[in-house]
Amino acid sequence: MNARPAALAAITALVLTGPAVVAAPAAVAAPAAPAAATAGDLTTPGGFTGMSPTRVLDTRNALLVPNGEQRPLNPDEYYTTPLVTFTSHMPPTTHPVVPADTTAVVVNVTATSPTADGYLTLSAAGHPGTVPATSSLNFKAGKTVSNLVTVAVLPGTTPAITVYNHAGTTDVVLDVVGYYRAGATDKYAPLTPSRLVDSRTDGGRLGGDGVRSVQVARPELGTADARAVILNVTATEATADSYLTVYPTGTARPSVGSNVNFSAGKTVPNQVVVPVGADGKIDVYNHVGSVDVVVDLVGYYGPSGTGLFSALGTPVRAYDTRSSTAVEPGGTRTVPVVQGQFMGAALNVTATEPTTDGHLTVYPAAAARPNTSNLNFTAGLTVANSVTTRTDDGRVTIYNNDGYTHVIADLTGVFVAG
C-alpha cells in the first residue's frame, strides 16, 4: 500500500531488532486456550499460483468497495468483501481476481488512519456477535501497518473473505498476491532460512526510485526451478517515510500494492511472496529517501516442491505464553502447532509486552537455529508478522534473543505432502 507508513523501532544488532506492526498490549486478542488444526476445518489441499498485486478492497475509494460504500470499518464490525475488481457500480460490474475453485488466498492487508489501538482478523467467514480468538494485524492509533495473511475461501461460494475490526474505526486495504487451488502445479518447498541481501554490509543503501535485483533462483540453495519465493524483507535506517515494492525482474513495477511501509529512522520487516522473473531474479524498489534493505529467503514454490496447502476456515490459537510465563532472554520454546502428518505451517506470530528491543526466530524443532529473524520488536509494543516454516512432528521452536516477551502463535493453515 502506498500510504502513510507504520511507526516502528530502530535496529540494534546485525540480526534486525525492529517491529513489523505495532499496537498497545491492550489491543491484542485476549488469551485463549491453545488449539491445534484438525482435518474438519481444512480446505482441500492445493498448489500455489503467484500473481501481480491486485487491489480488491480500499475503503477510502468508492470504486474499490462493495456497493460503492466508501467508509472505514466500525468497531466490532465484520466486513465481507468479494475477491473481485469493480469496473462499475451502476450497474454493478465486476471482474473476478481468482478462479472460482480457489481454496485460499494470500493477501497483503493494511490498516490506515485507525482512531484507536486495535487489531484486524481475516477469515473465510465472520460470526457477528462474537469476537475472534485470533488476530491478523495489530495497529496503533494514527499509524499505518500491514501484514501478509493467508485466508481460506469457502467452497461452493463466490470467493470472498471477511475482515473483523476490533476497536475504533480504520480504513482497510487488501491486495491479493497469490492463491491456492487443487490442480495447481507449483508446490511448497521449505528451506533453511538464508540471508540473500544485507545492504549494510554489501552493496550499499537503496536510494529514492532505486531498484536492486536479487538472484533468488540458485542451484546451491535448491531454488533452481522456483516460480515464486517466500521472503522476509526488512527496511531499516531510512532517511524518509517510504515503501518497498518487490516484483519479478523483467516485469513492470506494480501500479498498486507495496510490501513494506516504513517511517524515517525505523526498522520494518514483512513477509513477501513474489513470483520469480524469467532470469531467476526479483527486484526491490524504494520510493523516496535512502534505506538499508535485508532480504531473507525462507521457502519457495515450484515443480520440485512437495507441499500442498490447506487453510483453516477459522484460524486457531496454537500458543500463548500470557497464560504462563514470558520467554526469557536467549530462551527458546518448542511448540506443537499442528497435530497430524503435516510438513509445514503458516503462522501469525506476535510478540507482546517485551521489556526491551529484540527479535524472534521461528524454525523447525529439530533444526539448528538460523542466523535470520522472523519478527522484530521494540520495548513495550505489540508486534506481529507472518511466518511460513517447516515443522518437525508438528513442532516449531521459537527463540527470543533479548529481554522478556510474551509470544503468541496463531495457525492459519498447514502444508501436506502431495
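Ordered by the number of other Cβ atoms lying within 10 Å of each residue's own Cβ, fewest first, Y404, Y319 fall into the sequence Y404, Y319.
Look at where the Cα atoms of the range 67-116 and of the range 141-175 average out, and the two centres are 8 Å apart. Shape class of the chain from the alpha-carbon gyration tensor: rounded, with the ratio a/c of largest to smallest axis under 1.5.
With θ taken as phi - 60° and the Karplus curve 6.51 cos²θ - 1.76 cosθ + 1.60 applied, the whole-hertz 3J(HN,Hα) list for the range 90-102 is 9, x, x, 10, 10, 10, x, 8, 10, x, 5, 9, 4 Hz, x standing for glycine and proline. Which shape class applies to the range 307-417: rounded if a/c is under 1.5, otherwise prolate when a/b exceeds b/c and oblate if not, where a ≥ b ≥ c are the square roots of the Cα gyration tensor eigenvalues? Taking the square roots of the gyration eigenvalues as a ≥ b ≥ c, the range 307-417 is prolate.
Under the classification rounded if a/c is under 1.5, otherwise prolate if a/b is larger than b/c and oblate if not, where does the range 207-292 fall, given a ≥ b ≥ c as square roots of the Cα gyration tensor eigenvalues? Prolate.
Each label point was placed 7 Å from the Cα along the Cα-to-Cβ direction; for R218 and T158 their separation is 4.6 nm.
In this structure the amide hydrogen of R200, modeled in the peptide plane, comes within under 5 Å of the amide hydrogens of V293, none closer than 5 places in sequence on its chain.
How high is the relative contact order of the range 188-302, in percent, counting Cα pairs under 8 Å that sit 6 or more residues apart?
Details: 314 pairs, mean separation 53.1, N = 115.
So the answer I get is 46 percent.
In percent, rounded to a whole number, the relative contact order of the chain is 23, using alpha-carbon pairs under 8 Å and six or more apart.
Where nothing but the Cβ of Lys and Arg (+1) and of Asp and Glu (-1) is charged, how large is the charge dipole of the range 28-181 around its Cα centre, in debye to the nearest 20?
Dipole size: approximately 200 debye.
For R395 and T93, a Förster radius of 35 Å and the Cβ-Cβ distance give a FRET efficiency of 0.10, rounded to the nearest 0.05.
Just so you know, all these numbers are worked out from the coordinates, no wet-lab data involved. The shown structure was predicted, so the numbers you read here are calculated from the model rather than taken from an experiment. Cβ coordinates were reconstructed from backbone atoms using ideal geometry, including for glycine residues, and neighbour counts include every protein chain displayed.
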